[in-house]
Every structure is written in structure tokens, then in C-alpha cells.
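The values are calculated or read from the model by the stated rules, or taken from the named source; none is laboratory data. On a predicted model such as this, the values are computed, not experimentally measured, just so you know. Here the Cβ is made from the backbone with ideal geometry for all residues, glycine too, and neighbour counts use every protein chain on show. Protein only, heavy atoms only, side chains kept; ligands, DNA and RNA dropped before computing areas. Shrake-Rupley method; radii C 1.70, N 1.55, O 1.52, S 1.80 Å.
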Amino acid sequence: MKTENSGRLWAVYGAMRAFVQNQAAGGILLMAAATLALIVANSPVAPIYFDTLASYVAGLSVLHWINDALMAVFFLLVGLEIKREVLLGQLSTWSQRALPGFAALGGMVLPALVYLSVNLGEGGAPMGWAIPAATDIAFALGVLSLLGPRVPVSLKIFLTALAIIDDLGAVLIIAAFYTADVNFIALGSAALAAAVLVGMNRGGVQRLLPYVLVGALLWFCFLKSGVHATLAGVVLALTIPLRVPTLREPDAAPLLRLEHALVPWVTFLIIPIFGFANAGVSFAGMSLASLSEPVPLGVALGLFVGKQVGVFGFAMLAIKLRLAVMPSGAGWVQLYGVALLCGIGFTMSLFIGLLAFNDAPALQDATKLGVLLGSVASAICGALLLRWRASVAPADGQALSRHPSGPTSM
């Protein structure tokens, strides 16, 4: 039993370490892709860029293939990470879930309220309330990676866990609030495909190919049902078996095998492609007055103000009430710096913006502008604060971090 537990812990440690390292590198690549998209969208080749995204292939535009098909693979990886973390990893116990859970709740509620406070009046677009509610884990970890050892590993784990809970919240929001007219025949077919996946899981099927084939059918049914097709990735992920690994076979679980296979493809190909396809916004005709319009202002303030207040405020409240403990080796200023980085909402924020304003290209561009402003401001301020804190006295919260039930470093 001791050997099996050691193998289990080693497999989870390896999965988390690979995830953090790949996401940090991928975040830097995502920054480059987004920057390139802005340059191209405001260059002489802009017509080629936009016409290519709007061109149709096999019944869908190139942009739809990216946002509905490639992003389904991204959501598959998100679902696998959520399942692993809840069953075996950093979210498997109450003490591990408490701090990132409270922080994630604040980080979803406050940004939505800030956005709505700006958009409930005349000329506003309240349907975009969820746009600033999610943290981009790749972008945020990419910024943290640039700071190196200046940031305790425990804070990287905290940020990762928080972003995963954020992703779960975003998935639920998309399913509940951003579903088009439902085709019940297609939705029923999707339910049958999901039932087959559950049956294979219960029947002990360990090969990945049958799950992938039925998952492809599930994606097609979701595409035709009106429920966003990317959610098929999450449903598929939840049915992939996670047999407890052993020291002899630490990566034998189908879920771990699939996750390890997908991480580099999603991190270094799918997310950069998504960023390049969706971050491009033309600044032609825009002025400083454009920034004060309800949608970009609400998104930017939601990310930059709502996120930091919500994440830090709820985390501080949980710690003060002894419902959670400070991450090991971290202090209040460092925790606040990470709360600032949570305002980087690039990937999921853009994705929700596309769903919220599906038939309003002008509002989609306004969303992109707000996401870029809020995310860049959050990244710069968070990085500068954490860099400054590392250059002064030791963290002011180390005494709290020694609490025996607190999270431990990898």
C-alpha cells in the first residue's frame, strides 16, 4: 500500500510539474501570438488576415473551426486537469480547495458586478457580464515564470488551482447562459453518446481510441444541438478513466496518458492559434473615447479592478476566518501580486465574448480591446509588485504559512 501511495503521489507530482512548466512556456508563446495578431490586423495585410478567417471550409468558417473544433480539444484538456486535480491532486482535500476556491469565487463574482455596474445603463451590453470572470492560466503562469525564484512555488500552485476552478466556473457559465436555440434531437443524440462513454468507463475500457471516436461523435451532436460544441470536450474528459497509478506503472491511467499527450499540442499549437485568430483587432477609427464605451470599459475594469479585489478580498477573508491558510512561504503583498495577475483573462475571456456577442462584430472588437487593456494592466502591475516585493524584506506572512495544514511546495 505504501508503494502504491508513493507511485500515486509521484505521478500527480509529475503531472503538475509538467503542466506548470508547459503552461508557463506556452503563456510566453501566447503573448507573442497575440502581439503578432495585433500587428497583422493593423498592417497592409489585414484584409488577407480577416478574409482568411472568414473563408469557409467544409461548412464552417476557418474561425469557427478554430473556436468550435480546436477549442474543444482545449476544453478536453481543461476537463482532464479538473478531474485529476479533484481526485488526486491539489483540489483533492478541503484544506487544498479552500483558499483557491474562495479566491476563485470572489474572482468570478466581483468582475461580473463591476462589468454590470458599467453596462446596465443606456448603451450597455449586460450579456457580456461573464467576460472578465475567468483567469488565463497560461498567460498568468507565463508572467510568473519570468519572475523565476522570486515567487514561492506555493503561489504558483495556488494560482494554478485557482485558474482550474475558474475554468470550471466558466464551463458552467457557458453551458447555462450562452446556449443558443436547442435542437432536442441532436441533444438527445449527444446524451446517448455520453451514456456510451459512461458505459465504457463503468465497463473497464482502458484503451483511449474508443473514447476518442465516441467523443468525436459527441462533438458533432453538440455542434448541431445549439449547445456550444466545445463542451463536448469537458463531457468526454469526465468519462476518461483515472485508475490510481502505482510506482511500477505511474502513467498507466488512461487520463494521465491522454493529458500528457495533449498538453504540448494545446499549449504550443492550439492556444497560440486561438490567440492569433481572435486577438486581432483593427484600431482604425478608434480613439481614446472608444475606451470609455461601456463594453471595453466594463471588461477592462472587471479584469483589472474586479479580479484583484475579488480574489484578494475573498482569500484574505478566508484566511482571517481560519477557513484557509496562507500559501507556504508567501506574504500578503505576494498574495496580492498574484491576485493582480488573476486579472489576465485572455483566452477564456475572448471566448466568452465571442459567445455573448455572437451576432455583433463591433461588440466583439470592443471586447477584445477591453480584454487586452485589462490583461496588460494586470500583468504589468502584478509583475512589478511581485518583483518589488522580492527585493525587500522577507514575506510578512511566513508565520501564517507554517500552519501545519497549509499547502506544501512541490
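Descriptive notes on the structure:
- A full extension of the chain between Met286 and Val182 corresponds to an added length of 33.7 nm, given 0.36 nm per residue minus the alpha carbon distance.
- Kyte-Doolittle mean at least -1.0, axial Cα span of 18 Å or more - DSSP H helices of the chain: 2-41, 71-87, 94-119, 153-177, 184-202, 208-225, 307-320, 361-390
- Protein heavy-atom accessible surface, 1.4 Å probe, per residue over the chain: 43 Å².
- Cα shape, segment 151-198, gyration tensor, a/c 1.5 rule: oblate
- Positive minus negative residues near Arg150 (Lys, Arg vs Asp, Glu; Cβ under 15 Å): +3
- Listed values (i) 78, 43, 41; (ii) 86, 42, 39; (iii) 61, 56, 36, entry calculated as Cα extents along the principal axes in Å: (iii)
- Taking each residue as 0.36 nm, the span from Ile273 to Val333 lengthens on full extension beyond its C-alpha to C-alpha distance by 18.1 nm.
- At R0 = 35 Å, FRET efficiency that the Cβ-Cβ distance of Ala46 and Gln206 yields, to 0.05: 0.10
- Ligands, DNA and RNA left out, the 1.4 Å accessible surface of segment 37-195 is 74% carbon and sulfur atoms.
- Cα gyration tensor, segment 59-210 - rounded (a/c under 1.5), prolate or oblate: oblate
- Summary of the geometry: segment 285-356 and segment 89-114, compared by the centres of their Cα atoms, lie 12 Å apart.
- Sorting 101-109, 115-123 by their mean Cβ neighbour count within 10 Å, with the most densely packed peptide first, gives 101-109, 115-123.
- Partner lysines for Lys156 [C-alpha distance under 25 Å; skip if fewer than 8 residues away on the same chain]: Lys83, Lys307, Lys320
- The peptide list 336-348, 158-170, 189-201, 262-274, put in order of mean Cβ contacts within 10 Å with the highest first, becomes 336-348, 158-170, 262-274, 189-201.
- Relative contact order for the chain, counting Cα pairs under 8 Å that sit 6 or more residues apart, in percent: 29
- Surface composition of segment 311-373: carbon plus sulfur atoms hold 64% of the accessible area, using a 1.4 angstrom probe and ignoring ligands, DNA and RNA.
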